[in-house]
Amino acid sequence: MGAGASVSDIGKVRLRLPASIKTGDVVRVRCLVIHPMERVERDKAGKIVDKKYRYIDKVTVTYLGRTIASFDTTQSVSENPFFAFTFKATDPGKLAVTFHDTHGETYEGTADIRFG
Amino acid sequence: MTRHATRWVALAMLAVGCAGATDRPPAAAPPRWSSRAIPAARGEVRAEADGRSIAVRYPGWTTRDFGRFRTYAYDDARPEPPVRRGGTPPAVAGDPVKGRALFMDRARGPCTGCHLVPGEDVWPAGNVGPDLSTLADRRLPDAYLYQQLWDPRVTFPNTVMPPWGAQGIFTPEELVHLVAYLQMLRGPVAPDRDPERNPSTRHRPVGFGDNLDPTNNPAVLRAEAAEALWSARGPGGKSCADCHTGGIDRAMRGVATRYPRPVPAYGRVMAIEDLLSVHGPERTGRELAVESPENLDLTMRVKMASNGMPVAVDVATPPARAALARGKATFERRVGERNHACADCHTPERGASKFLGGRFLGDVTAGLTRHFPTWRTSQNDAWDMRRRFQWCMTPLGANMLAADSVEYAELELYLAHFDNGKPMSVPGIRH
């Protein structure tokens, strides 16, 4: 990332869906959250610095109030992690992607699924 | 304002003396400028304790000093290397095996950057120069080929091929080996198993999708993070937002379409990056050194406020016309160990839309600037136009100038005028 994102942006979720969706379409969703995804630090002796590392360890996707997918993630995932998945859009309603990090914070991005 | 107006009148009067002078360098001397760039971007050369000189460049770039060779600096009065005959080749037996290794050597040419020859290990070959797969069938004399490698300008005054022998890149003995290799290249050529090997049948790059999608282009995220910088007060107690009110998108709408442009207050052509590096500290007290992440991110964000609007750089006023003429002269000036000009690779009658090795060369007439700064997937970083220029200098064997040099700003203006009327789309995403 070079400069990296400023701290005030942590947790900002971007969700991208196709501009128009028809009933029954298999829709590809792209989402990204601004997050530092801290890596394990080692001291000069090579010992792991003991602290509670802040990284996203779970991502859940809910559609029409039902969890349709969840991802377990570790520190090997990059800063500002990006996820893409597909789902079948059967009914109009809310799609929510929620990122959970190890410090107990949750960040949510939502999209209104409409057919047109 | 009157002070600036007076200065413009003076410049205008100077420029009237050479009206219609878009084709020849104007009489008015370009202004001097001391760099406000980060140390790695100033194009400086440092003397080491052991007497060697080291060029200061970005991390990971070569530190070789090309000081012996001509640069794009306006005050570099050295002429192009004179056209020279190679004389008699040394009396050594040419070895085609050695010749082929030299032909492929990435540390020299590589010759394969421009010329296709047989062999599946020839990868990736370019097609800026002719396909040499059956060169020997033409029964050209050894002496002719030797001279062609030594300095092809003797036969072809406008060639884009470097004078390899005359510039000392290959020794006379090595040229004899190369000639021996070339004289082995007889047809017929076996058909290629992989169409990608031959640059004339290779697929052209297709791009990386929507460059303005933040989930697709990391530079968008960087630019958006610069919004915090826009409204953060500097040590001087003011922020950008205090003077440019109404939000960055309203305040800056259309501004970037006019850059680079002559800025009367500083008496020179400036890109957005250059203006930020002086105007920012003056008004807010915050340093925004050229090529620093802060400067680059803010530049991208300011340019994003003009996305979709047509580029409209000044090509009409006398200072702009004088700068354009100098920019065009730079574009066509041959520099460096390789004696190349920008025009060799980027004009349609020469290398544009051909492959240089695996790289597809941009065409200046199509406009190359309206997506800069751009995310470079190969570098994992956002680069502005000037870092791209500096990167080009290195393989040419020329020392780079400061990123905020007047030379680069006027070259960028010359390139940007081909973008006039075409929509801005910043940040771009490229290999």
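We did not get these values from a lab; they are worked out from the coordinates using the rules stated. Every value quoted in this text rests on a predicted model; they were computed, and no experiment measured them. Here the Cβ positions follow ideal geometry from the backbone for every residue, glycine too, while neighbour counts run over all protein chains shown.
Treat each spin label as a single point 7 Å out from the Cα along the C-beta direction, and report the B:Cys392 to B:Arg359 distance in nm.
Here the answer is 1.0 nm between the modelled labels.
Can you list the residues, at least 5 places off or on another chain, whose amide H is less than 5 Å from the amide H of B:Met270, using H built in the peptide plane?
Under 5 Å from the amide H of B:Met270 lie the amide H atoms of B:Arg261, B:Val263, each far enough along the sequence or on another chain.
May I ask you to list the GluC sites (Glu not before Pro) in segment B:313-387 that are in a DSSP loop and have at most 14 other Cβ atoms within 10 Å of their Cβ?
In loop regions of segment B:313-387 (DSSP not H, G, I, E or B), the sparsely surrounded GluC sites (Glu not before Pro) are B:Glu349.
Can you tally the net charge around A:Gly104? Count Lys and Arg as +1, Asp and Glu as -1, for every other residue whose Cβ sits under 12 Å from the Cβ of A:Gly104. Present the calculation step by step, with values, prior to reporting the outcome.
Details: positive: A:Lys52, A:Arg54, A:Lys58; negative: A:Asp57, A:Asp101, A:Glu105.
Within the 12 Å Cβ shell, the charges total 0.
Do you know the Lys pair count in chain A for C-alpha distances under 24 Å, with sequence separation 8 or more or different chains? Working shown, then result.
Numbers: A:Lys12/A:Lys52; A:Lys12/A:Lys58; A:Lys12/A:Lys94; A:Lys22/A:Lys88; A:Lys22/A:Lys94; A:Lys44/A:Lys52; A:Lys58/A:Lys88; A:Lys58/A:Lys94.
Lysine pairs meeting both conditions in chain A amount to 8.
Calculate the dipole size of segment B:332-429 relative to its Cα centre from +1 charges on Lys and Arg beta carbons and -1 charges on Asp and Glu beta carbons; express the result in debye to the nearest 20.
280
Using a 10 Å cut-off around each Cβ of peptide B:210-219, what is the average number of partner chain Cβ atoms that fall inside? Write out the running numbers ahead of the final one.
Details: counts 2, 0, 0, 4, 8, 11, 5, 0, 8, 2.
The shielding value for this peptide is 4.
Under a crude label model (7 Å from the Cα following the beta-carbon direction), how far is A:Lys52 from B:Lys422 in nanometres?
It is 5.3 nm.
Taking Cα pairs under 8 Å and at least six residues apart, what relative contact order does segment B:251-372 come out at, in percent?
On the way: 127 pairs, mean separation 23.1, N = 122.
Across segment B:251-372, relative contact order equals 19 percent.
How many angstrom lie between the Cα centre of segment A:55-91 and the Cα centre of segment B:249-321?
Distance between centres, Cα-based: 40 Å.
Calculate the dipole size of segment B:96-182 relative to its Cα centre from +1 charges on Lys and Arg beta carbons and -1 charges on Asp and Glu beta carbons; express the result in debye to the nearest 20.
120
Between B:Glu294 and B:Ala265, what FRET efficiency follows from the Cβ-Cβ distance if R0 is 22 Å, with the result rounded to 0.05?
Calculated value: 0.50.
From the Cα gyration tensor of chain B, with a ≥ b ≥ c the square roots of its eigenvalues, which class applies: rounded if a/c is under 1.5, or else prolate if a/b is larger than b/c, or else oblate? Write out the running numbers ahead of the final one.
Values: a/c = 2.13, a/b = 1.73, b/c = 1.23.
Prolate, because a/c is 1.5 or more and a/b exceeds b/c.
Along segment B:165-171, what does the Karplus equation 6.51 cos²θ - 1.76 cosθ + 1.60 (θ = phi - 60°) give for ³J(HN,Hα), rounded to whole Hz, x for Gly and Pro?
For segment B:165-171, the Karplus curve yields x, 4, 8, x, 6, 10, 7 Hz.
Can you list the residues of segment A:11-54 with backbone N under 14 Å from a point 7 Å past the Cα of A:Thr102, pointing along Cα to Cβ?
Within reach of a label on A:Thr102: A:36-42, A:48-54.
Could you derive backbone 3J(HN,Hα) for segment B:119-127 from the dihedral phi with the Karplus parameters 6.51, -1.76 and 1.60 (θ = phi - 60°), listing whole Hz in sequence and x where the residue is Gly or Pro?
x, 6, 7, 7, 7, x, 8, x, 9
Would you please give the residues with an amide H less than 5 Å from that of A:Phe82, counting only those at least 5 places away or on a separate chain, with H modeled from the backbone geometry?
Amide H neighbours of A:Phe82, under 5 Å, 5+ apart: none.
Mean residue ellipticity at 222 nm from the helices of chain B, using -39,500 (n - 2.57) per DSSP H segment of n ≥ 4 over the full residue count, to the nearest 500 deg cm²/dmol?
About -9000 deg cm²/dmol.
Can you compute the modelled spin-label distance between B:Ala143 and A:Ser76, with each label point 7 Å from Cα toward Cβ, in nm?
About 6.7 nm separates the two model spin labels.
Which helices, taking whole DSSP H runs in chain B, have alpha carbons extending 18 angstrom or more along the helix axis plus mean Kyte-Doolittle at least 0.5?
For chain B, where a helix must reach 18 Å along its axis and average at least 0.5, the hits are B:2-16.
Which percent, to the nearest 5, of DSSP beta bridges fully inside chain B are antiparallel? Walk me through the intermediate numbers first.
Working: 14 of 19 bridges.
So the antiparallel bridges in chain B amount to around 75 percent.
Quote the charge dipole size of the protein assembly as shown about the Cα centre in Debye, to the nearest 20; the model charges only the Cβ of Lys and Arg (+1) and of Asp and Glu (-1).
660
Residue by residue, what Karplus-based ³J(HN,Hα) values in Hz, rounded to whole numbers, does segment B:194-199 have, using 6.51, -1.76 and 1.60 with θ = phi - 60° and x for Gly and Pro?
Result, ordered by residue: 10, x, 6, 5, 8, x Hz.
Please list, ordered by chain and number, the residues whose modelled amide H lies under 5 Å from the amide H of A:Ile68; skip anything fewer than 5 residues away on the same chain.
Amide H neighbours of A:Ile68, under 5 Å, 5+ apart: A:Val61, A:Thr62, A:Tyr63.
For the protein assembly as shown, with the dipole built from +1 on Lys and Arg beta-carbon atoms and -1 on Asp and Glu ones, taken about the Cα centre, which of B:Gly327, B:Gly86, B:Val56 lies farthest toward the positive end?
B:Gly327
Picking from B:Cys243, B:Cys392, B:Cys111, which is most flexible by a Gaussian network model of chain B using Cα springs under 10 Å?
Between B:Cys243, B:Cys392, B:Cys111, it is B:Cys243 that shows the largest mean-square fluctuation.
Could you name the lysines whose alpha carbon sits less than 30 Å from that of B:Lys98, not counting residues in the same chain fewer than 8 places away?
Result set, ordered by chain and number: B:Lys354.
For the protein assembly as shown, what does the alpha-carbon gyration tensor say about shape, rounded, prolate or oblate, given a ≥ b ≥ c as the root eigenvalues, a/c under 1.5 as rounded, and a/b over b/c as prolate?
On the way: a/c = 1.96, a/b = 1.34, b/c = 1.46.
In terms of gyration-tensor shape, oblate.
Classify segment B:96-182 as rounded, prolate or oblate from the Cα gyration tensor: take a ≥ b ≥ c as the square roots of its eigenvalues, call it rounded if a/c is under 1.5, otherwise prolate when a/b beats b/c and oblate if not.
On the way: a/c = 1.26, a/b = 1.25, b/c = 1.01.
Note, shape of segment B:96-182 comes out rounded.
Nearest 0.05, what FRET efficiency do A:Leu17 and B:Ala91 give at R0 = 60 Å with Cβ-Cβ as r? Don't skip to the answer; put the middle values down first.
Working: r = 73 Å, r/R0 = 1.22.
FRET efficiency, A:Leu17 to B:Ala91: 0.25.
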